[in-house]
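The block underneath contains the structure these notes are about, expressed in structure tokens.
Since every read-out is calculated from the coordinates, none of them should be taken as a lab result. None of these values were measured; they are calculated from a predicted model. Every residue, glycine as well, gets a Cβ built from its backbone with ideal geometry; the counts of neighbours run over all protein chains shown.
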Amino acid sequence: MSKTTSTPMNAAAATTNAADMPWLARQASRLLHQPGHALLLQGPSGLGQFGLALYLARAWLCESRPPDAPAAAPCGHCAGCHAIAVRTHPDLLVLMPEAHQLELGWTVDSGDAADGEAKSTTKRKPSRDIRVDAMRQMITFSQRTDSRGRGKVVLVYPAENMNAVTANALLKTLEEPPGGTRFLLVSDAADRLLPTIRSRCHTWAMQWPDAREAADWLHRHGVAEAQAATLLQIVGGRPLDALALAHSGMNVQDWLNLPQALAQGHAGLLAPLPPAQAVRVLQKLCHDLHSLLAGGAPRYFPPQSLTAWQPATDAPLASTAWAALGQWAQQLAQTARTAEHPLAPELMLASLVEQARNALHWGRRR
């Protein structure tokens with residue numbers, strides 16, 4: 001299993017502490033005694049799926065209770081809990097792509113990487129796939145006897161990042177589950193999983209925290225109260241995404257100014273962002289403008305930042321606006337397909353800004 005490493009005390013570190021997130025603690029109390037050998041936690045990113053899965057693994061492998069006693073909250077002090085904390089537990093296997101290991105601060109010893117890849121990443125980009133070697137490791141792991149008398153746990157995150165070969169290998173194992181092994185699949189996009197994999201898991205839809213609960217959690221992690229509500233709106237109410245955004249150093253005022261900046265042909269806060277992230281920001285703005293044009297409320301941008309783009313009162317302008325936004329949405333969807341690995345990032349950003357300026361022109365003509 002993975003060897004201990006130091007994890008920075010940043011937003012990524014906070015994502016694994018489900019006991020600190022009351023909305024996850026409530027769900028964990030219901031899931032600890034869930035029957036069956038496979039559990040799928042699904043929901044949009046930023047709600048704490050990985051932290052909840054890790055909490056369940058800790059509880060199932062905790063050694064503070066007799067082996068045959070019902071699972072309870074992990075004690076955090078026994079040898080089993082400590083081994084998970086330093087990532088050396090022999091009965092927990094975490095299958096995760098290299099890129100996600102880095103994002104979560106879940107780096108492991110290169111001699112036993114969690115996604116089965118021991119090669120150095122200095123000469124290539126970290127993989128975003130769970131590859132064949134990982135599933136070979138999982139098959140060997142699931143067939144051996146547990147080491148500490150509490151069974152074994154396989155945690156797969158994000159499950160949708162399995163390719164066809166690895167997904168079929170997992171499916172075969174789920175169809176003929178080895179005794180004493182639990183499977184935790186964690187997904188931000190469960191619709192991309194094989195239907196046959198989903199059908200062999202008990203599925204749990206992640207529950208959202210209420211706004212006050214999420215804001216309080218952010219404040220405990222160093223986010224100013226005045227910024228918490230705006231950050232939550234920016235990320236659509238997802239507290240872990242809001243914390244990551246706060247730690248990124250983004251200025252909230254820059255977010256509020258972005259629509260006007262783009263309408264004037266300026267990149268604004270998009271300038272330092274990777275192209276894929278810039279596309280996601282623009283898709284949020286496009287969503288809110290569609291909503292406003294239809295007479296609804298914006299989801300990601302405060303209304304005061306969109307005052308120039310109110311519902312059109314005359315038919316010709318409304319028709320022009322719908323056409324402009326529709327074309328922009330299509331352009332963003334097309335760009336998103338290549339934004340992770342653009343050939344020319346600066347040219348892509350310039351194109352994104354120009355598309356946004358053209359799409360936003362209908363609001364500035366009034």
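Rounded to the nearest 20, the size of the Cβ-charge dipole of segment 250-364 about its Cα centre is 120 debye, with Lys and Arg at +1 and Asp and Glu at -1. Under the simplified labelling scheme, the A85-Q310 pair shows an inter-label distance of 5.7 nm, with each label point 7 Å from Cα along Cα→Cβ. The residue among H287, A271, A356 whose Cα reaches farthest toward the positive pole of the charge dipole of segment 250-364, with charges on the beta-carbon of Lys, Arg, Asp and Glu, is H287. May I ask for log10 I(q)/I(0) of the chain at q = 0.06, 0.07, 0.09, 0.14 Å⁻¹, from a Debye sum over the Cα atoms as equal point scatterers with solvent left out? With one equal scatterer per Cα and no solvent, log10 I(q)/I(0) is -0.27, -0.36, -0.58, -1.20. Each Cα pair under 8 Å and six or more residues apart adds its separation to the average, and for the chain the resulting relative contact order is 17 percent. Projecting the Cα atoms of P177, A72, Q253 onto the charge dipole of the chain (Cβ charges, centred on the Cα centre) puts P177 farthest toward the positive pole. The amide H of L185, built 1.01 Å from its N in the peptide plane, has L39, L40, L41, V156 as neighbours under 5 Å, considering only residues 5 or more places off or on other chains.
Taken as Cα centroids, segment 52-112 and segment 148-217 sit 15 Å apart, rounded to the nearest whole angstrom. The angle separating the long axis of helix 252-263 from the principal Cα axis of greatest extent in the chain is about 50 degrees. The dipole here belongs to segment 11-205: it is taken about the Cα centre, uses +1 on the Cβ of Lys and Arg and -1 on the Cβ of Asp and Glu, and is about 80 debye. The C-alpha atoms of the chain define a longest principal axis, and helix 275-293 lies at about 60 degrees to it. Taken as Cα centroids, segment 288-338 and segment 23-49 sit 36 Å apart, rounded to the nearest whole angstrom. Oblate is the label for segment 208-366, because the ratio a/c of its alpha-carbon gyration tensor axes (a ≥ b ≥ c) is 1.5 or higher and a/b is not greater than b/c.
Can you tell me the orientation of helix 211-220 relative to the chain, as the angle in degrees between its alpha-carbon axis and the longest Cα principal axis, to the nearest 10? Relative to the chain, helix 211-220 is tipped by roughly 70 degrees. For a paramagnetic label modelled on H361 (point 7 Å from Cα along Cα→Cβ), amide N atoms under 20 Å away belong, within segment 261-277, to 261-268.
Listed by chain and number, the aspartates and glutamates placed with their C-alpha closer than 15 angstrom to that of K152 are E63, D68, D91; residues fewer than eight positions away on the same chain are left out. Using the Cβ-Cβ distance between E176 and A205 with R0 set to 35 Å, the FRET efficiency works out to roughly 0.80. Shape class of segment 11-205 from the Cα gyration tensor (axes a ≥ b ≥ c, square roots of the eigenvalues): rounded, since a/c falls below 1.5.
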